[in-house]
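What follows draws every value from the coordinates through simple rules; no lab data is involved. Computed from a predicted structure; not experimentally measured. Cβ atoms come from the backbone with ideal geometry, glycine included; neighbour counts cover every protein chain shown.
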Amino acid sequence: MSTSSRFAPMPNDEGYFGPYGGQLVPPHLKKAMDDINVAYEEIRQRDDFQQELASLFADYVGRPSPIFHARRLSEQLGGAQIHLKREDLNHTGAHKINHCLGEALLAKFMGKSKVIAETGAGQHGVALATACALVGIPCEIHMGQVDIEKEHPNVTKMKILGCKLVPVTRGAATLKEAVDSAFEEYLNDPTNYIYAIGSVVGPHPFPKMVRDFQSIIGKEAREQFQAKHGRLPDHVAACVGGGSNAMGIFTAFLNDDAVHLVGVEPSGEGLDKPGRHSATLSKGKPGEIHGMACYVLENEDGTPSAVHSIASGLDYPGVGPQHSYLKDIGRVDYQTATDEECLNAFMTLSRVEGIIPALESAHAVAWAIRVAPTLPKDQHILINLSGRGDKDADYVAAKLGL
Ligand SMILES: *Cc1c(COP(=O)(O)O)cnc(C)c1O
């Protein structure tokens with residue numbers, strides 16, 4: 001197989017990336033997922049779909065997002081040059097709008113009457129409610145009562161944007177229960193409803209679809225970097241929760257063997273403290289969760305373990321199946337950053353460049369701050385700055401006593 005086609009056919013028809021992915025779901029749900037896959041493969045080929053998505057990316061999201069050379073930070077570190085792909089400048093302030101628009105538009109083209117999703121911290125809920133308001137399709141978001149009480153600004157935004165917010169009070173009343181509740185509602189009428197997953201996770205075709213919608217990031221970045229520097233970056237880094245912003249920037253570089261791809265997971269309070277980190281690829285093992293085979297952080301009895309990260313968008317005990325595969329074949333180097341390194345990177349980028357990053361994105365910045373001083377000055381690190389940190393500003397200020 002030629003190198004240029006090495007990653008092109010991924011996943012296979014059953015949704016597998018090597019041994020990972022698939023549709024580990026009951027038969028009725030498998031049929032619903034297969035129907036979405038068939039419709040997606042047909043609709044994505046249509047010019048009217050691609051044109052509408054491209055024009056919304058340009059005029060609504062504000063794409064292409066720029067690449068910024070962080071000169072002061074690079075100078076201060078005294079090593080490799082650091083560049084930021086500014087997904088934080090997108091409408092709604094993060095990369096999530098890319099796949100939410102894709103999913104909402106797909107729902108419209110499929111003639112669905114309602115888009116259903118769960119949300120944890122509320123970032124996916126807000127991006128999806130935004131996309132559904134724009135596309136003009138009803139949207140229903142399930143959210144744990146505990147999260148509703150913690151994430152007030154996002155809850156308010158979702159209400160303003162006009163989605164139906166369904167509080168979930170069963171069990172621990174957090175993300176897992178919200179997923180169960182949202183899936184139950186979806187299964188009431190899978191013909192007319194569609195489920196919108198918030199990362200490159202879940203049963204096939206979601207890891208593929210969300211990746212495809214996010215791959216605009218790397219496609220732009222590769223061209224922008226070439227045009228400006230006449231070469232590719234030496235390193236491309238992104239934080240990994242479920243893995244959508246990372247797949248978004250990595251996809252365009254997968255066949256560029258000279259480009260070192262780095263996924264940065266949260267090691268929280270330390271990799272040696274089970275339950276106090278969320279480094280699924282670094283410390284987990286192959287298993288299954290949420291309808292897919294992937295690396296999972298598990299307790300000894302096989303249940304998903306508790307996870308922690310200072311960045312709520314990264315605390316997930318599973319990870320996208322394509323990342324699981326890219327780890328096994330060694331194409332992506334998965335590293336970690338602690339809560340403390342993340343906070344340091346958050347403050348450093350804010351004070352040295354005037355850019356307040358999301359705590360999620362600050363993990364990728366933390367990795368760059370750690371390694372840049374060890375690299376020559378003519379090397380280039382491109383970081384996917386997945387989102388802005390307005391949502392985290394009060395928390396960080398309180399934590400640091402500012
Ligand atoms: C949700 C979120 C993430 C984590 O999700 P991925 O699917 O791993 O990209 C990262 N950064 C920001 C800003 C987010 O909102």
Just report the Cα centroid separation between the stretch 34-78 and the stretch 142-216, whole Å. 22 Å
Let me spell out the model: positive unit charges on the Cβ of Lys and Arg, negative unit charges on the Cβ of Asp and Glu, origin at the Cα centre of the stretch 72-209. What dipole size does that give, in debye rounded to 20? 360 debye
Among 68, 29, 55, which residue has its Cα positioned farthest towards the positive end of the charge dipole of the stretch 29-74, with +1 placed on the Cβ of Lys and Arg, -1 on the Cβ of Asp and Glu, and the dipole taken about the Cα centre? 68
Relative contact order (%) - the stretch 302-402, alpha-carbon pairs under 8 angstrom, separation at least six: 23 percent
From the square roots a ≥ b ≥ c of the eigenvalues of the alpha-carbon gyration tensor of the stretch 1-156, which class results: rounded (a/c under 1.5), prolate (a/b over b/c), or oblate? oblate
Would you please classify the overall shape of the stretch 194-293 from the alpha carbon gyration tensor, given that a ≥ b ≥ c denote the square roots of the eigenvalues, rounded means a/c under 1.5, and beyond that prolate means a/b larger than b/c while oblate covers the rest? oblate
Can you give me the convex hull volume of the Cα atoms of the stretch 74-208, divided per residue and expressed in Å³? 143 Å³
Which angle between 0 and 90 degrees, to the nearest 10, do you get for helix 96-109 versus the longest principal axis of the chain when only C-alpha atoms count? 30 degrees
To the nearest 0.05, the calculated FRET efficiency linking residue 43 and residue 255 through their beta-carbon distance, R0 being 25 Å, is 0.40
Rounded, prolate or oblate: which fits the stretch 254-402, taking a ≥ b ≥ c as square roots of the Cα gyration tensor eigenvalues, rounded meaning a/c under 1.5, else prolate when a/b beats b/c? oblate
For the stretch 99-170, report the % of Cα-Cα distances exceeding 17 Å. 35 percent
Please report, largest first and rounded to whole Å, the three semi-axes of the ellipsoid equivalent to the chain, where each semi-axis is the square root of five times an eigenvalue of the C-alpha gyration tensor. 30, 24, 22
At 222 nm, what value in deg cm²/dmol follows for the chain if DSSP H runs of at least 4 each add -39500 (n - 2.57) and the sum is divided by all its residues, to the nearest 500? -12500 deg cm²/dmol
Would you mind checking the tilt of helix 359-371 against the longest principal axis of the Cα atoms of the chain, expressed as 0 to 90 degrees and rounded to 10? 30 degrees
The size of the Cβ-based charge dipole (Lys, Arg +1; Asp, Glu -1) of the chain about the Cα centre, to the nearest 20 debye, is 800 debye
